[in-house]
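Since every read-out is calculated from the coordinates, none of them should be taken as a lab result. In this text, all values refer to a predicted model and were calculated from it rather than measured experimentally. Neighbour counts are summed over all protein chains in view; Cβ atoms, including those assigned to glycine, are modelled from backbone coordinates with ideal geometry.
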């Protein structure tokens, strides 16, 4: 049986414990043996190479170098998958640039906070993660991220949303919202939506996470 490690912590506003529980439910439904941990200590204590997938749910916070490097080694050298969403994966450990290089992006801003209703449009409809899914709208935080140009982008949103304002208003762009990448021998999946459990329980976001977990897992 494939094993998945989910670890949670950081800023409580993103409901990390509840989101980690939801991810555990999804992974269990997909046949994974799931271990859920609070905090990052598990990353240095567990044999990460024995897992098929690592799922972080930690916004901001800090991580010890040994813990961060253990994850990087597991993904890069052992082919363990990495999958996550929103600030729980790409606003984790802001001072750890190695983490950002592995995940493929870093949160910068969300003008309008969690009240923005915006559309996510699929730019690749042949990938196993997106095949058969239709464009959809959510009311949540619309993320502006600094992203790795080497990512394979599967969906974008038009940024910024009309009427929200902000310094980026004069420079509209298509902002990546779903991407995948290869990091060494491991696969990485990221979805920018996920401010709270409720938005992740909506039909398409939940299905994207389910497929992303399956795709990234070794």
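Before moving on, here are some points about what is shown:
- Simple spin-label estimate for residue 45 and residue 117 in nanometres, 7 Å along Cα-Cβ: 4.6
- Gyration tensor verdict on segment 10-73 (Cα atoms; rounded if a/c is under 1.5, prolate if a/b is larger than b/c, oblate otherwise): oblate
- Amide N of segment 131-147 lying under 13 Å from the label point, which is placed 7 angstrom from the Cα of residue 109 along Cα→Cβ: 142-146
- Here the calculated FRET efficiency for residue 134 and residue 37, from their Cβ-Cβ distance with R0 = 45 Å, stands at 0.80, rounded to the nearest 0.05.
- Highest-MSF residue in the chain out of 45, 67, 17 [GNM, Cα springs under 10 Å]: 45
- Gap separating the Cα centres of segment 1-70 and segment 90-156, nearest whole Å: 20
- At an R0 of 41 angstrom, the distance between the Cβ atoms of residue 66 and residue 206 translates into a FRET efficiency of 0.75.
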